[in-house]
Amino acid sequence: MEGKRIDGKLDSSSDDAISHLSIDIGGSLIKIVYFSTNSKCITNDEAPAISKERQEVPNGDLNHHILSGRLYFVKFETSKIEDCIKFLSFKKLQQCGAQCHHSHAVDKIKIKATGGGAFKFADLFRDKLGITLDKVEEMESLVAGANFLLKAVNNEAYTYIGGQKEYVQIDQNDLYPYLLVNIGSGVSMIKVDGDGKFQRVSGTSVGGGTFLGLGKLLTKCQSFDELLELSHQGNNRVVDMLVGDIYGGLDYSKIGLTSTAIASSFGKAISENKELEDYKPEDIARSLLRMISNNIGQIAYLNALRFGLKRIFLGGFFIRDHAYTMDTISVAVDFWSKGEAKAMFLRHEGFLGALGAFMNYKDGNAELVPPQLLEQQSPKSSSCIVDRIHNSTRVQENENGAIDCRLRVSSSFKIYDEVKRC
Amino acid sequence: MASTTTENHSNIGTDDINEETQQQIPEKDSIVEKGGEKDMAPLPGGSIHRSSSRPQLDVSGAAIQGNFEEKDPTILLPNQSDDISHLALDIGGSLIKLIYFSRHADWQVDDRRKRKVKERLGVSNGNRRSFPILGGRLHFVKFETSKINECLDFIHSKQLHCGGIDSPRWPSDASQSENAVIKATGGGAYKFADLFKERLGVSIEKEDEMNCLVAGANFLLKAIRHEAFTHMEGHKEFVQIDQIDLFPYLLVNIGSGVSMIKVDGDGKFQRVSGTNVGGGTYWGLGRLLTKCHSFDELLELSQRGDNRTIDMLVGDIYGGMDYSKIGLSASTIASSFGKTISENKELEDYKPEDISLSLLRMISYNIGQIAYLNALRFGLKRIFFGGFFIRGHAYTMDTISFAVQFWSKGEAQAMFLRHEGFLGALGAFMSYEKHGLDDLMVHQLVERFPMGAPYIGGNVHGPPLGDLNEKISWMEKFVRKGTEITAPVPMAPPATTGLGGFEVPSSKGVLRPDASKLNVGVLHLVPSLEVFPLLADPKTYWFTVLSEHLSDLVDKAVASEGGTDDAKRRGDAFARAFSAHLARLMEEPAAYGKLGLANLLELREECLREFHFFDAYRTIKQRENEASLAVLPDLLMELDSLTEDMRLLTLIEGVLAANIFDWGSRACVDLYHKGTIIEIYRMSRKKMQRPWRASERKNNIREVDDFDAFKERMLGSGDRKPQPHKRALLFVDNSGADIVLGMLPLARELLRRGTEVVLVANSLPALNDVTAMELPDIVAEAAKHCDILRGAAEAGGLLVDAMSNIQDGHKKDTPSVPLMVVENGCGSPCIDFRQVSSELAAAAKDADLVILEGMGRSLHTNYNAKFKCDALKLAMVKNQRLAAKLVEGNIYDCVCRYEPAS
């Protein structure tokens, strides 16, 4: 599935002019964010002005100019890093194939990278692509990415309760502190107090990797999405031991447990003389998903409680906008906090780290400018600089959540310009 | 209340009436107290289902017997004063935990004597505990919930629901079971209520699950020494729980699911959290992934696993590097099961061992983390983990501990309970008598050494849950396993047991506050809080001593049972079991808590009893008693011809010389082959040479001559005649010459001087130690030749039964001071005064002289104990090493230590 989407991407964006790119190489997935001044975006609704701005007017600062364009989000499985390499080299070839044939230029190309793979695969990137990975600390990236999204993108955060998605208006002055829960292969929980002010307060090894890992062993599913899909049709009651199973259908109301509350995940797989084959993969996937989501929700809540944080934002590629996952996490947080705390999800959940790494280009070279900020700087273009995440459906299907935005870059520096110069 | 007796008849069962009438005979107690004792007053908050048809349970003096981690651990209730049976259940999602009580076989033999003693001691004051001690034990059994029929069969086969098979039936037994009520907790109490009604005709009385867990945990934490321990990186350390500072704590019960309860006091608690990822998850997922058929099998697998093939580690993501900035090392698990994502491997390609370990780690760590977060939330420093998930499994505990330690940065501590699995069932069991729980005599609670212990934990696990028969008798199974004989061993009901308990004082911490409650009067002692230094020695020394002595002991034990094939088989099994205990202890000294030498000796006795050797030295003791009694008249004549001064010295010498007869001493056993008892005694007497060793200790400056100090106290100096002691407690040691030629003459001397004498002897046999049961006969026999003894024995109620035989007209005109016999509640060669029988505690009230005789009671234990009254410690050192260590002397040196009241 990943492949398909990516292939599509390759086609659709073959003429993208990639100017900046950052990468987040996690245990299971590689997330890439790149900025493109693709002309296609101009065709979209309200933005005729953008195309003009594209060649940007120096904006008060002699050395910088503003680029308008779009941020694209792509992901690969870490185990298929070759695909990623291919993708990058293809992009790069698009960019500099004509101008640059000098292979000795390699080490000069630097891209921002985060995640453990930035260390692990550094050599691979250098050897295969001639790219040096400029490592950005993982937590820092996550926080930077989340802060950017929460501040810059409208309707980025939403709650999911009882099947209802509801966007949350974030008051920027009242954003901090919050708890950021990034659910990747494992889970990190970070207390965020401001830009660059954060602390990793907790985490758990029971995360997306556990879901897929156990799920693969138990159901023979080959991918995360397949597993999620399965879970959709499952019934966890067949596998989980519910309070009612123990209490003969009754609630244990004294301690607030209804008969349908799960007393023990997979607890029913104990007593019956059934083998793995006798269970439906759907039911197993469902039970697994609930177990993990619920557990994350609970630990997140306990950590939020500990620091008095009312808001919990959940990101990471585990969620995937999957209704049941979000519902379970929301219910867990709601249950344990007795409604005090709220779980909120991010539309660009999976790309926090990559985005954060992208933000790291600021040291004199490039800076992603939050639209709001732009608004202030150039009021006249306010109408067209608004973030334009497309309606969720369209984003998901067509553009994988691309964000229109502007990039303030040093006029003397572009990644691929550098290549040009050599 | 007396006027309500008729009402009792009408609305409570005959059980109660029996009990009531029995109770009323000897007691002239206040009505108020009785009212309090009885179960009929409506208790505030008491359940309306409360069974009035059942007599109460006296849990005072309860003692744990057996192994909670395995099957059939039992608790002794020595003071249970009626032959009732109780049954309590905790029916969880995966396991049924069952506790039942069985009474001892008839222990009423010398009831009349006891009653007499009690009257004399003034303890018949309405205190139920003072009532004829019958005692019994609590058995712990577990079943899988899915096999509930096994459980029902078990209950039915033992007739537990209507009184128990090995207790005399109640007159109205049959009808009783109709209305019988069983206490039960856990969800199954609701789910299976109908099934119990249908199959057994009993009603289930539901007790709240959390309530029971908390009650059980509080009980264990207060009642059992060394109940809680920490377990870090394979190292187990017992935690001294200060009862005053016990609350609040977080109780984490890991059953199928996990409950986390903040406990603020008895009955004061709140379930603050929990998780559905618990034991059921481990077992359930484990079954699906590994095809294991039991929890234990799965756990066993995990021991050989390597989770690195399954889990995604930080190093896997970071290319072998630590992520040190956030404190994660390369070996930290980033994602449990994360490695099974990327490879093209099927379930079959992974080793079940690795999967089991990874699963175990994931769940344990997760529980530890959530527990810590909850502890943090309420500012709780202590977290106790219980429930059947843990099973004493080192890796599980290490993982939980690590999680708590890691997340709390060392602030909070994970502690485990040795009796983890039965918290709920124990709580339900105790709910039979809620009000009695408060004054539970926890100090009398003693743990027995579980026979299954060598085979669980560590490298060897107990066998997985097996068939019904295995559950019925672990012992039986052991015999089979140990000797590979398939013929069933005759299953006598467990008829004997220990009372009270023994532990060398632990090396640190405060003496439990309840200890002082017991040690009334002179027994307000200051136990030395040091582990007896002998055990600090190369620990193998005593293990070796005990091993070497083993074969001789087995011979004696087999002979005591007539040398039958069955006895030989049991002897063999005993040897194996005991050797296994020793081996386990060598490997893991803390396996059973903090063991001292006293515990080790106790363990041996328990072990013998477990294999139905109730008195291995019975025949030897009898023979020696007879031989000694034969020469007693001559000795008494000899003594009577001496001056007072000489007589006292000769008596003390006699005690020391006679103390040579000790089958617990290797050296002495060798001696026995060289001559008759009397020859040895004479020889030993001849060798007596003062000064004795106690006066020569170099690094501890004391009175130069303890005997002289004692003599001065007894006889005075010059014209000053001291007041005789009012009452002396003589803690006697061995049978034969020791008691007959040593202690009895000394007792006689005290009696002659107008001092009441209480002979304190073991409740249960231990080696050739004389027991309280045997003493009356010995005294009666001796009394035939001595007026002083006869008069005193009559006065002390010792001759009640024997009187008719010796009515030969020697009635004295003046009433004699009494000679009494009291059991100490022990079945070991040693004694811990913090845990003795209530009878002894009562007797101690008015005593102003304590005489401890023998190595076990005056050297191995209590050598440094200080008493509030005069104390004399007499022993012959029959072990070269001990002699060297303790008194810098040699084997057969004697200790005579006198310490006036402090």
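Just so you know, all these numbers are worked out from the coordinates, no wet-lab data involved. Since this is a predicted model, take the numbers as computed values, not measurements. Ideal geometry is used to build each Cβ from the backbone, glycine not excepted, and the neighbour counts take in all protein chains shown.
In what sequence do B:GLU411, B:GLU207 fall when counting other Cβ within 10 Å, fewest first?
B:GLU411, B:GLU207
For a 18 Å ceiling on Cα separation, which of these pairs sit above it: A:LYS75/A:LYS342; A:LYS191/A:LYS310; B:LYS687/B:LYS873; A:LYS91/A:LYS128?
Exceeds cut-off: A:LYS75/A:LYS342; B:LYS687/B:LYS873.
Please compute the contact order of the stretch B:251-355 in relative form: average sequence separation of alpha-carbon pairs under 8 Å and at least six residues apart, divided by the residue count, as a percent.
About 21 percent, as a whole number.
Rounded, prolate or oblate: which fits the stretch B:710-788 when a ≥ b ≥ c are the square roots of the eigenvalues of the alpha-carbon gyration tensor, with rounded for a/c under 1.5 and prolate only if a/b beats b/c?
prolate
Bin all alpha-carbon pair distances of the stretch A:98-241 at 10 Å intervals from 0 and give each bin's fraction as a whole percent.
Pairs per bin, as whole percents: 9, 24, 29, 25, 11, 2, 0.
Sorted from largest down, give the three principal axis spans of the alpha carbons of the stretch B:843-884, whole angstrom values.
37, 14, 13
Which whole-number percentage describes the relative contact order of the stretch A:214-281, with Cα contacts under 8 Å and a sequence gap of 6 or more?
30 percent
For the stretch B:702-754, what Kirkwood radius comes out of the mean inverse Cα-Cα distance, in Å?
12.7 Å
If you take the square roots of the eigenvalues of the alpha-carbon gyration tensor of the stretch B:304-358 and sort them as a ≥ b ≥ c, do you get rounded (a/c under 1.5), prolate (a/b over b/c) or oblate?
prolate
Filter B:LYS291/B:LYS345; B:LYS236/B:LYS268; A:LYS86/A:LYS110 down to the pairs with a C-alpha to C-alpha distance above 23 Å, please.
B:LYS236/B:LYS268
Report the Cα centroid-to-centroid distance between the stretch B:287-305 and the stretch A:304-367 in angstrom, as an integer.
Each part reduced to its Cα centre gives a spacing of 36 Å.
Taking a ≥ b ≥ c as the square roots of the eigenvalues of the Cα gyration tensor of the stretch A:222-349, is the shape rounded (a/c under 1.5), prolate (a/b larger than b/c) or oblate?
Verdict is oblate for the stretch A:222-349.
So if I take the centroid of the Cα atoms in the stretch B:869-902 and the same for the stretch A:105-168, what is the distance between those two points in Å?
Result: 78 Å between the Cα centres.
Give or take rounding to whole Å, what are the principal axis extents of the alpha carbon atoms in the stretch B:314-389, in descending order?
46, 36, 14
Give me a comma-separated list of calculated 3J(HN,Hα) values for the stretch B:256-272, in order, Karplus coefficients 6.51, -1.76, 1.60 applied at θ = phi - 60°, integers in Hz, x for any Gly or Pro.
Karplus-based 3J(HN,Hα) across the stretch B:256-272 equals 4, x, 10, 10, 10, 10, 8, 10, 10, x, 5, x, 10, 7, 8, 7, 9 Hz.
Out of residues 5 or more away from B:PHE269 or on other chains, whose amide H comes under 5 Å of its own, with H placed 1.01 Å from N in the peptide plane?
The answer is B:ASP264.
Could you work out the relative contact order of the stretch A:165-314? I mean the mean sequence separation of Cα pairs under 8 Å and 6+ apart, divided by the number of residues, in percent.
The normalised contact order for the stretch A:165-314 reaches 27 percent.
Give a quick list of trypsin sites (Lys or Arg not before Pro) in the stretch A:195-226 that DSSP marks as loop, anything other than H, G, I, E or B, with at most 16 other Cβ atoms within 10 Å.
Here the trypsin sites (Lys or Arg not before Pro) that fit, given the DSSP loop and packing criteria, are A:LYS220.
Counting other Cβ atoms within 10 Å, keep those with at most 14, restrict to DSSP loop, and tell me which GluC sites (Glu not before Pro) in the stretch A:194-283 are left.
A:GLU272, A:GLU275
Which of the chymotrypsin sites (Phe, Trp or Tyr not before Pro) found in the stretch B:292-367 are loop residues per DSSP with 15 or fewer other Cβ atoms within 10 Å of their Cβ?
Within the stretch B:292-367, no chymotrypsin sites (Phe, Trp or Tyr not before Pro) qualify (loop, at most 15 other Cβ atoms within 10 Å).
In which sequence would B:THR650, A:THR210 go, from the one with the fewest C-beta neighbours within 10 Å to the one with the most?
Least crowded to most crowded, the residues run B:THR650, A:THR210.
Past 31 Å, Cα to Cα, is the threshold; run A:LYS216/B:LYS97; A:LYS338/B:LYS206; A:LYS254/B:LYS351; A:LYS268/B:LYS351; B:LYS339/B:LYS409 against it and keep the listed order.
Going by Cα-Cα distance, A:LYS216/B:LYS97; A:LYS254/B:LYS351 fall outside the 31 Å limit.
Tell me which residues come under 5 Å, amide H to amide H, from B:LYS873 once H is placed; ignore anything under 5 positions away on its chain.
B:LEU852, B:ARG897, B:TYR898, B:GLU899
Going 7 Å from the Cα of A:ASP83 toward and past its Cβ, which residues in the stretch A:120-144 have a backbone nitrogen under 12 Å from where you end up?
Answer for this model: none.
Over the Cα atoms of the stretch B:234-307, what Rg and Dmax result, in angstrom?
16.7, 48
Under 5 Å between amide H atoms, partner at least 5 residues away or on a different chain: which partners does A:ILE30 have, H built in plane at 1.01 Å?
Those qualifying (amide H under 5 Å, at least 5 residues apart or on another chain) are A:PHE76, A:GLU77, A:THR78.
Taking N as the number of residues in the stretch B:185-289, what is its Cα Rg relative to 2.2 N^0.38 Å?
With N residues counted in the stretch B:185-289, Rg over 2.2 N^0.38 Å equals 1.32.
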